Amino acid sequence: MTDALGGITVLEFASYVSGPYAGMMLGDLGAEVIKVEDPKSGDPFRGWGAADYSATFGSVNRNKKSIILNLKSTEGVAAAIALTEEADVLIENFRPGTMDRLGLGYEKLSAINPRLVYCSVTGFGGTGPYAKRPGYDTVGQAMGGLLSVLTDLESPKGMGISLSDHLTGMMAAYGCLGALAARERTGKGQHVETSLLTATLSFLGENAARYFEEGKVPSRKTRTQTAQVYSFVAGDGKPFVIHLSSPPKFWKGLCKVAGHDEWFDDERFVDKAKRRANYDELEGLLAAVFKTETREHWLEQLLEEDVPSAPIYTLDETLDDPQIRHLGVIHEVPHPKVGSVKLVESGVRMSDTPPEIRTAAPLHGEHTEEILKRISNKLEMAK
């Protein structure tokens, strides 16, 4: 078995989530990912836990090596340049202009290594009126339009996951893979750019297309009504969802389960358009029905009628679900200071070159000596 990105070297000048998540995705596919960290404390997420490790840091930094370089020193920059000469990909998520000031900008490094794929991850893009603003996950969710369709705007709340950060990291990895594929034909690398703002907006493609077509600003309920999505709390207090989508058979099955076959031909609900128009009324009728039995009862009935439905799980319930256990997506890997850590594998499976969790996140500077030895001759020649 070979790695999809075996032989590819990635330099990661990134911290927090987006850049490291992109690097981790490439590392899962077999690339050697070298995380460049500052001498003082490294990635700030290291400080969210004890023993040079936090769950947050570990979740986006597996399959990497760590090297300490002081990029404010001549020696540190020289080492970074020497590493770049042999690298295939560079990922950075500093504010625009920082890498140029350090002497590690795209123009300079691409002249040294024309095959280099150089990926810049920013909050709002490399240019424009917001380019210098600080960008963090919830800021990207808010300005990218995502939060407006996930929360009640009259009583807004942040989300329980760094969704924009992870989307941006995925876009960065996507861009790097495309650039590597193009390099196979052209022999040249290129500059890949993504941002919290654009990555988040791209995720709202359906919402934007509908807005362009209809001129209506989407809200949290827009897609639930369009896709006929309903959420309920059963008689035992446990929540679940139903997603009718388009096939009429799902609506017919739901009517049967609810004990109201007459609803199928009811003028208020006779087709998708009518059900959308009378969404609140139908939701209220169904909610009253589903209060009469347990969640397990209703889900069994809905499954019997092939109606798309599911429990709304808490994370512990998801991890304990028999399908998750069957798929074997939880992996335990050793860590030199905390013993072992459990991680969720990549969401992609490949028959010949599958992603793999090989190592836990590295200690701060764990591989500095090993990696500096590789470039020692270049550093001597540069003196």
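Numbers at a glance
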{"item": "Out of Lys337, Lys342, sole residue that is in the same structural domain as Ala50 (by TED's automatic domain parsing) and modelled with pLDDT of 95 or more", "result": "Lys342"}
{"item": "Qualifying position, being among the small types (Gly, Ala, Ser) and touching a Gly at 6+ places or on another chain (Cβ under 7 Å), among Gly6, Gly27", "result": "Gly6"}
{"item": "Residue in segment 253-262 that is closer than 27 Å to Thr318 by Cβ, within 33 Å of the chain's Cα centre (by Cα), of a type in the set (A, V, I, L, M, F, W, C) and crowded, with 16+ Cβ neighbours inside 10 Å present", "result": "no"}
{"item": "Of residues in segment 39-68 being among the basic types (Lys, Arg) and under 14 Å from Pro20 (Cα atoms), the one surrounded by the fewest Cβ atoms within 10 Å (Cβ to Cβ)", "result": "Lys65"}
{"item": "Among (1) in contact with a Gly (Cβ under 7 Å, 6 or more places away or on another chain); (2) surrounded by fewer than 21 Cβ atoms within 10 Å (Cβ to Cβ); (3) outside any loop (DSSP other than H, G, I, E, B), the one test that Gly76 misses", "result": "(1)"}
{"item": "Residue match in segment 304-318 (condition: of a type outside the set (D, E, K, R) and loosely packed, with under 11 Cβ neighbours inside 10 Å)", "result": "yes"}
{"item": "Members of segment 334-383 that are among the hydroxyl-bearing types (Ser, Thr, Tyr), touching a Pro at 6+ places or on another chain (Cβ under 9 Å) and closer than 12 Å to Asp28 by Cα", "result": "Ser346, Thr359"}
{"item": "Answer residue from segment 137-161, given it is within 16 Å of the chain's Cα centre (by Cα), at pLDDT 95 or above and not in a helix (DSSP H, G or I) and is surrounded by the fewest Cβ atoms within 10 Å (Cβ to Cβ) among those", "result": "Leu146"}
{"item": "In segment 331-356, residue nearest to Gly6 (Cα to Cα) [restricted to those that are among the β-branched types (Val, Ile, Thr), surrounded by fewer than 16 Cβ atoms within 10 Å (Cβ to Cβ) and touching a residue at least 12 places away in the same chain (Cβ under 8 Å)]", "result": "Thr353"}
{"item": "Cross-chain or 6+ apart pairs with Cβ under 8 Å, segment 303-330 first and touching a residue at least 12 places away in the same chain (Cβ under 8 Å), then loosely packed, with under 13 Cβ neighbours inside 10 Å and in a helix (DSSP H, G or I)", "result": "Asp306/Lys249; Pro311/Glu317"}
{"item": "Residue among Val33, Val77, Val17 that is in the same structural domain as Asp100 (by TED's automatic domain parsing), closer than 23 Å to Thr353 by Cβ and not small (Gly, Ala, Ser)", "result": "Val33"}
{"item": "Residue among Ala172, Ala182 that alone is in the same structural domain as Tyr16 (by TED's automatic domain parsing) and within 20 Å of the chain's Cα centre (by Cα)", "result": "Ala172"}
{"item": "Those residues of segment 290-299 which are over 31 Å from the mean Cα position of the chain (by Cα) and surrounded by 14 or more Cβ atoms within 10 Å (Cβ to Cβ), in sequence order", "result": "Phe290, Glu293, Thr294, His297, Trp298"}
{"item": "Single match in Asp28, Asp43, Asp52, Asp100 (criterion: in contact with a strand residue (DSSP E or B) (Cβ under 7 Å, 6 or more places away or on another chain) and either closer than 27 Å to Leu163 by Cα or assigned by TED's automatic domain parsing to the domain that holds Ser351 (or both))", "result": "Asp43"}
{"item": "Strands (runs of 3 or more DSSP E) contained in segment 264-383 and holding at least 3 residues within 18 Å of Val233 (Cβ to Cβ)", "result": "309-311"}
{"item": "Single residue of Thr200, Thr222 found to be buried (at least 20 other Cβ atoms within 10 Å of the Cβ) and either outside the structural domain of Glu293 (by TED's automatic domain parsing) or modelled with pLDDT under 95 (or both)", "result": "Thr200"}
{"item": "Check on Ala287, at pLDDT 95 or above, small (Gly, Ala, Ser) and under 32 Å from the mean Cα position of the chain (by Cα)", "result": "no"}
{"item": "Unmet requirement for Ser66, which otherwise passes all of (1) in a helix (DSSP H, G or I); (2) at pLDDT 95 or above; (3) more than 23 Å from Gly175 (Cα to Cα)", "result": "(1)"}
{"item": "Count of segment 185-238 residues which are within 30 Å of Thr294 (Cβ to Cβ) and either out of contact with any strand residue (DSSP E or B) (no Cβ under 9 Å at 6 or more places or on another chain) or of a type in the set (Gly, Ala, Ser) (or both)", "result": "10"}
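The values are calculated or read from the model by the stated rules, or taken from the named source; none is laboratory data. Model, not experiment: these values are computed from the prediction. Note: ideal-geometry Cβ built from the backbone for every residue, glycine included; neighbour counts use all protein chains shown.
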